[in-house]
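Peer 1: Got a structure for you, questions after.
Read-outs throughout are calculated quantities, based only on the coordinates presented, and are distinct from any laboratory measurement. Quick caveat: nothing in here was measured; it's all calculated off a predicted structure. Note: ideal-geometry Cβ built from the backbone for every residue, glycine included; neighbour counts use all protein chains shown.
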Amino acid sequence: MTGPVASAAGHVALDKPEGRRWRWQMVVPAAVVAVYLLTGLVGESVAPYSATDFNTGPPLAPPSETHLFGTDGFGRDVFSRVLVGARTILLLSLSATLLGVGAGCALGLVSGYRGGAVDETVMRLVDVLLALPGLLLAMLILTSLGPSSLNLVLAIGFVFVPKSARIARSAVLPLRNAGYVEAARLRGAGWPSIVFAELLPIVLPQLVVEFCLRFAYALLLISSLGFLGFGVQPPTPDWGLMISEARNYVTIAPWPVLFPALAIGILVVAVNALADALTSSGERRVEQYL
Amino acid sequence: MALLEVAHLNVGYASVRGSVRAVRDVSFSLDRDEVLGVVGESGSGKSTLAHALMGYRMRGTSMLEGDVTFDGIPLLRSPATELRKIWGGRIAMVHQNPLASLTPTMRVGEQIAETIRQHRNATAAEARSAVAACLRAVELPEGSDIARRYPHQLSGGQRQRITIAIALALEPDLMILDEPTTNLDATTEAVILDLLEDIRSRTRMAMVYISHNLGVIARVATRVAVMYAGEIVETGSVSQIYTAPVHSYTRALLESLPRPGNSKPKAAVLSGEPVLAAMSIRKSFGRRRATVRAVRGVSLHVPRGAVVGLVGESGSGKSTLLRCIAGLERPESGTIQYSGCDLPPNLADRGKDMLRTMQMVFQDPESTLNPSLSIGTSLRRHLIALKATDGVTARRSVDEALRRVRLDTAFRGRLPRELSGGEKQRVAIARAFLSAPDLVLCDEPLSSLDVSVQAAVCRLLLDLQRDYGTSYVFVSHDLAIVRYMSDRIVVMYLGEVVEEGDAESFDRRPLHPYTEALFSATPIPDPEAATARVRLKSQISDADRERPGCIFNARCHRRKGAECSEIAPPWRDTGGRRYRCHWSPAELAAQQGNEAASAARG
């Protein structure tokens, strides 16, 4: 076994390299989400009326030049309320998702890597929590803690923990015995450093997708809770609450229901589409490695 | 006229990074009764060629040009309906992974019958008898329930026999075999190769046999084509290719192979206290009824500065033993002495000093480096954890480590996915040597690499060992590589050591019947080589682990009698070499001598 060997193995050369391509599947939903985020930032200052003032015009006035989205039963400007409501819902759902997905993923990563009794205990608790519908669980927590913005964030965050823990656990399971993990063990690294310094960067793309999906779900949950009266309390403009308040006269004046509903719907679809695009770009990247 | 005529074949793929031409201007012809061995390394386009020969457009094929004429039929220009009659009926294919090519939810007998019914009108009784004939042809026991089993209930060798039986079902004119024995153990591989040889001499079938293993090709082929980067760089008869290769790539490929008897330059005299002494290590997996006793009381001594080769087939417990020593698994019982001190079984109880002096190189180059970290970061992390150093010194040490494994320091900034398998394994070796360890545990570091890369990594390991005076425990299933690398060889079978001794003494002759079978099964890249044919009939079985007596007795070809299955065999010492068997060295020598004599007469 001494002879010289041809320089490289017999690999087939590539004829042309691939350039970075932006795809509309990614760009369109990202742009929509960006518009919402911008609205959340500056909505209050560009709104033509105050969101809480009564009688900015006649009650239940249809959309017109002065009231783009019409007015509700108290004569409040629906357009202004939708604009101002963006900040509430975005702030609440972002912080709830960060809290829930963050805590859940940390739990899942540790539980998946450590295995054994730790994993068994955590996963059975997760099973119990997953048996309860998310909305019901959130309502249970809110009725016992009392409705407030902070409690809303806590409740939704709690609802998200079990699902995120599962996702993170399943992402980390196949990596447990990889060579780099064992090499880290052989240099004396403990589990916190292996989980967060070695494994987290690898599974992060999967967790980002999970974050987007949970964020979309949080928007729906907050709107649903608002509609049911457990969420944001009046007179704060909240899309779910607005739908709930205006639902009695939806047959004669649909606009106070239609526009907040559209606002929720478009955002949820956009965030879901973004998560989808992220997933497939992740898969594409994986294909390139193979 | 030739059976198969290939002219100017070009195959290309569309990939996300652009189009790839996997087969470039390949031409050859194949007569009936010929076996063309196609040899090349991974990525050389062998499998693509195999599919193109059938006129099969693989998914993603963007270019399929040239001519493939099979018995007068232009395959690349035939409609799909025409091709479907030929596939399976006149050209059959056997793939590398039988578990993937068999349907998991269908009994294997039914899968053979399905192929027959697809091409011929056969009654149930006719199909049944045809299936029985197929099973006979691949030497699977008739009358057993094999036909009624599902693929997962068969061993790897049996599965590959079934796929060959399916290929044979319609007595095709041409059989294309794509690395059919690569996933099998050496002893099973030898049996399958015998079977193929036998089938060929009976049926006069033409074959295209694709493999990366020059030893296997030497055994089966009548003509050889060497592929490199999608081109056939050399073709010729077997003896021509192996004795007088013309192309430089073929020469390099042949020179990179270890042959029996080859060995590294002799190491210094090995004496003094051993760097590692593991005593009666035991390790089981699973709970209660499903327990597998992976390592059953193995002791291992590693002299300072020596390479101890641990050889055995899959399931022999060699990797588990290594992981117990490393502290990655916790042995149930046994003690490990390291440089004269007791080594705690738990990694957490081993101090930094102990960790620093014992490091490991892993088998799979794809998972040995963290894909999200640059090479520099990976190495720096390892270094800083083992030796408290500041950033500047660490960086200098990392550069030095890269140079030591003959990689450019520019690799620091690269991600693992930008590296080839051999380069990744070099980085892994650099990582193991960062802390200047006394002992490096190598868990099959070469098995996932191409032959030419294997040779280079092998040389690198030996150079480092010489320069640092490091000791290795080198695990491999490849006896030739272990023989080349090691000063001492330990042969393991089903969790027990069956033979150990100085590496040189293994050149003379094997003692233990299992070692003898391993030697005989190792394909030698020399078509003229005459080896004693020792074939193990039955399959390796976990049930053997639980019986009293000799662990090997169920498969042994030199079974002595009842004592083999009832009484544990004694260790027999023959000066620098010892083995466990009921036969004494003299009795074994007499048997081997008689067989050689009768083989010479016959």
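Peer 1: Sorted by average packing, counted as other Cβ atoms within 10 angstrom per residue and highest first, what order do B:186-199, B:489-502, A:97-110 take?
Peer 2: B:489-502, A:97-110, B:186-199
Peer 1: Which percent of Cα-Cα pairs in the range A:12-144 sits in each 10 Å bin, short to long?
Peer 2: All Cα pairs, binned at 10 Å, distribute as 10, 20, 21, 22, 16, 9, 2, 0 percent.
Peer 1: Another question, then. With 10 angstrom as the radius, rank A:I156, B:I551, B:I112 by how many other C-beta atoms surround their C-beta, starting from the fewest.
Peer 2: Ranked by crowding around the Cβ, least crowded first: B:I551, B:I112, A:I156.
Peer 1: Okay, next question. Assuming R0 = 60 Å, can you tell me the calculated FRET efficiency for the pair B:T81 and A:W191, based on Cβ-Cβ distance, to the nearest 0.05?
Peer 2: Result of the calculation: an efficiency of 0.50.
Peer 1: Moving on. Which whole number gives the average count of other chain Cβ atoms within 10 Å of the Cβ atoms across peptide B:356-369?
Peer 2: Neighbouring Cβ atoms belonging to other protein chains average 3 per residue here.
Peer 1: Another question, then. If the elastic network links every pair of Cα atoms under 10 Å, which of A:G75, A:G116, A:G40 fluctuates the most in the Gaussian network model of chain A?
Peer 2: A:G116
Peer 1: Can you pull the semi-axes for chain B, root of five times each eigenvalue of the Cα gyration tensor, sorted largest first, whole Å? Please list the in-between numbers first.
Peer 2: Numbers: eigenvalues 355, 207, 105 Å².
They are 42, 32, 23 Å, listed largest first.
Peer 1: Then there is this: By counting other Cβ atoms within 10 Å of each Cβ, how are B:L9, B:L254 ranked from fewest to most?
Peer 2: Fewest-to-most ranking of B:L9, B:L254: B:L254, B:L9.
Peer 1: Which shape class, rounded, prolate or oblate, goes with the range B:419-488 when its Cα gyration tensor gives a ≥ b ≥ c as root eigenvalues, a/c under 1.5 marks rounded, and past that a/b bigger than b/c marks prolate?
Peer 2: Note, shape of the range B:419-488 comes out oblate.
Peer 1: Where does the range B:4-255 land on Rg/Rh, using Cα atoms and the Kirkwood Rh?
Peer 2: Here Rg/Rh amounts to 0.97.
Peer 1: Which order do the peptides B:406-412, B:416-422, B:474-480 take when ranked by the mean count of other beta-carbon atoms within 10 Å per residue, highest first?
Peer 2: B:474-480, B:416-422, B:406-412
Peer 1: Okay, moving on. Running Debye on the protein assembly as shown with equal point scatterers at the Cα sites and no solvent, what base-10 log of I(q)/I(0) appears at q = 0.06, 0.10 Å⁻¹?
Peer 2: Summing over Cα pairs of the protein assembly as shown leads to -0.56, -1.22.
Peer 1: Something else: Helix-only mean residue ellipticity at 222 nm, chain B, DSSP H runs n ≥ 4 weighted -39,500 (n - 2.57), per residue, nearest 500. What is it?
Peer 2: -10500 deg cm²/dmol
Peer 1: Now for a separate question. Suppose a student asked you for the relative contact order of the range B:4-255, using Cα pairs under 8 Å spaced at least 6 residues apart; what percent would you report? Walk me through the numbers before you get to the answer.
Peer 2: Values: 445 pairs, mean separation 69.3, N = 252.
Computed over the range B:4-255, the figure is 28 percent.
Peer 1: Please figure out what share of the DSSP beta bridges in the range B:4-255 is antiparallel and state it in percent, rounded to the nearest 5.
Peer 2: The antiparallel fraction comes to roughly 55 percent.
Peer 1: How large is the helix-only mean residue ellipticity at 222 nm for chain A, computed as the sum of -39500 (n - 2.57) over DSSP H runs with n ≥ 4, divided by its residue count, in deg cm²/dmol to the nearest 500?
Peer 2: Taken over chain A, the calculation gives -23000 deg cm²/dmol.
Peer 1: Here's something else I'd like to know. Quick one: if the Förster radius is 35 Å, what FRET efficiency do B:R136 and B:D502 give, using the C-beta to C-beta distance and rounding to 0.05?
Peer 2: Values: r = 45 Å, r/R0 = 1.30.
Once the sixth-power term is evaluated, E becomes 0.15.
Peer 1: In nm, give the distance between the simple-model label positions of A:T251 and B:T105, each being 7 Å from the Cα along the Cα-to-Cβ direction.
Peer 2: 5.1
Peer 1: So, one more: Indicate the gyration tensor shape class of the range B:513-601 (rounded, prolate or oblate), computed on the Cα atoms with a ≥ b ≥ c the square roots of the eigenvalues: a/c under 1.5 is rounded; otherwise a/b larger than b/c is prolate and the rest oblate.
Peer 2: Prolate, because a/c is 1.5 or more and a/b exceeds b/c.
Peer 1: Straight-line reach only, C-alpha to C-alpha below 19 angstrom: list the aspartates and glutamates that A:K163 could link to, leaving out same-chain residues fewer than 8 apart.
Peer 2: A:K163 reaches A:D119, A:E120, A:D127, A:E210, A:D276.
Peer 1: Less than 12 Å Cβ to Cβ from A:E198, Lys/Arg counted +1 and Asp/Glu -1: what total charge do the surrounding residues give?
Peer 2: The answer is +3.
Peer 1: From the square roots a ≥ b ≥ c of the eigenvalues of the alpha-carbon gyration tensor of chain A, which class results: rounded (a/c under 1.5), prolate (a/b over b/c), or oblate? Display every interim value, and only then the final one.
Peer 2: Details: a/c = 3.57, a/b = 1.78, b/c = 2.01.
The shape class here is oblate.
Peer 1: Take every residue in peptide A:169-182, count the Cβ atoms of other chains within 10 Å of its Cβ, and give the average of those counts. Let's see the in-between values first.
Peer 2: Working: counts 0, 0, 0, 0, 0, 1, 3, 0, 4, 8, 15, 14, 3, 10.
Rounded to a whole number, the mean comes out at 4.
Peer 1: Within the protein assembly as shown, what percent of beta bridges assigned by DSSP are antiparallel, to the nearest 5?
Peer 2: Taking every DSSP beta bridge within the protein assembly as shown, about 60 percent pair in antiparallel fashion.
Peer 1: Using only Cα atoms, tell me the angle between helix B:421-433 and the longest principal axis of chain B; keep it within 0 to 90° and round to the nearest 10.
Peer 2: That helix lies at roughly 10 degrees to the long axis.
Peer 1: For A:F54 and A:T121, what is the calculated FRET efficiency with R₀ set at 45 Å and r taken between the beta-carbons, to the nearest 0.05? Walk me through the intermediate numbers first.
Peer 2: Values: r = 54 Å, r/R0 = 1.21.
Efficiency, from the Cβ-Cβ distance: 0.25.
Peer 1: Roughly what % antiparallel, to the nearest 5, for the DSSP beta bridges in the range B:373-523?
Peer 2: If I count the DSSP bridges inside the range B:373-523, around 55 percent turn out antiparallel.
Peer 1: Turning to a different aspect of this structure: Normalised by the residues of chain B, what does the relative contact order come to in percent, with Cα pairs under 8 Å and at least six apart?
Peer 2: On the way: 1140 pairs, mean separation 80.9, N = 602.
Rounded, it is 13 percent for chain B.
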